[in-house]
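We did not get these values from a lab; they are worked out from the coordinates using the rules stated. Computed from a predicted structure; not experimentally measured. Cβ placement follows ideal geometry from the backbone for every residue including glycine, while neighbour counts extend to all protein chains displayed.
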Amino acid sequence: MLLQGKVAIITGAASERGIGRATAITFAKHGARVVILDLDEAAARDAASALGEGHLGLAANVADEAQVKRAVAQVVEHFGRIDVLVNNAGITQPIKTLDIRPSDYDKVLDVSLRGTLLMSQAVIPTMRAQSSGSIVCMSSVSAQRGGGIFGGPHYSAAKAGVLGLGKAMAREFGAEQIRVNSIAPGLIHTDITGGLMQDDRRHAIIEGIPLGRLGAAQDVANAALFLASDLSSYLTGITLDVNGGMLIH
């Protein structure tokens, strides 16, 4: 039980077959009391209920400072502490540079990058008071290789920003025993990606992955568990690649 007695907030975790939900299930199995934060309050509550007793589902737009602060205050009031934050919420758009409109840019950057900052700002005071905490930021292989399979350049920019933000926060708060690390998933098979790939495209992508398969949400959840737990107590500011060898650098 790697997270026994810990309280963990996971954003964007209501989707049934997404990375966030897999992470929530994994954390709960390891003893954490999980808070699922999502835009859809009913879905968040249902997802938390499915984990068993003692978990919480709340609604919040991670790009809205007031909503974020309100949700985090509810968590502190309910549990009295926050040990882990997984900044999982994010959106993507498969459009090219010259087609990106200001509204597209704002939408993608706000959720992935602004959301990561606002959520981190909201939990750090509680972690600082505890002199402990682990923040896990979800980036992407697209931030490292200059474009992904589905996300446009603004998605790559947002996820690259997440890496820079995570490293800067790790440096700033390390002395207070708050660790900040990032995960860069490769192509993970979820409801979103599964609906965008035909068999021939899937096979072509898999041929470029040394481990010979697409990633599963559980693969990323396992990495998040490692970074959230004391197994990684001497790690901060790192980027953990979960891509099957799609990008080796």
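A simple spin-label model places pseudo-atoms 7 Å from Cα toward Cβ; at Gln93 and Leu211 they are separated by 3.2 nm.
Only the Cβ atoms of Lys and Arg (+1) and of Asp and Glu (-1) were treated as charged; on that basis the dipole of the chain about its Cα centre amounts to roughly 420 debye. On the basis of the beta-carbon distance and an R0 of 22 Å, Ser103 and Leu247 show a calculated FRET efficiency of 0.15. Percent of C-alpha pairs per 5 Å bin in the chain, short distances first: 1, 7, 14, 19, 21, 17, 11, 6, 2, 1, 0. Relative contact order of segment 7-240, taken over Cα pairs closer than 8 Å and 6 or more residues apart, is 20 percent. The C-alpha atoms of the chain define a longest principal axis, and helix 19-29 lies at about 40 degrees to it. Using a 10 angstrom cutoff on alpha carbons, build the Gaussian network for the chain and name the most mobile of Leu118, Leu98, Leu214. For the chain, modelled as a Gaussian network with Cα springs under 10 Å, the answer is Leu98.
To test your reading of the geometry: what angle, between 0 and 90 degrees and rounded to tens, separates the Cα axis of helix 153-173 from the longest principal axis of the chain? Result, in degrees: 30. Whole-percent P(r), segment 123-249, all Cα pairs, 5 Å bins from 0: 2, 11, 19, 21, 18, 12, 9, 5, 2, 1, 0.
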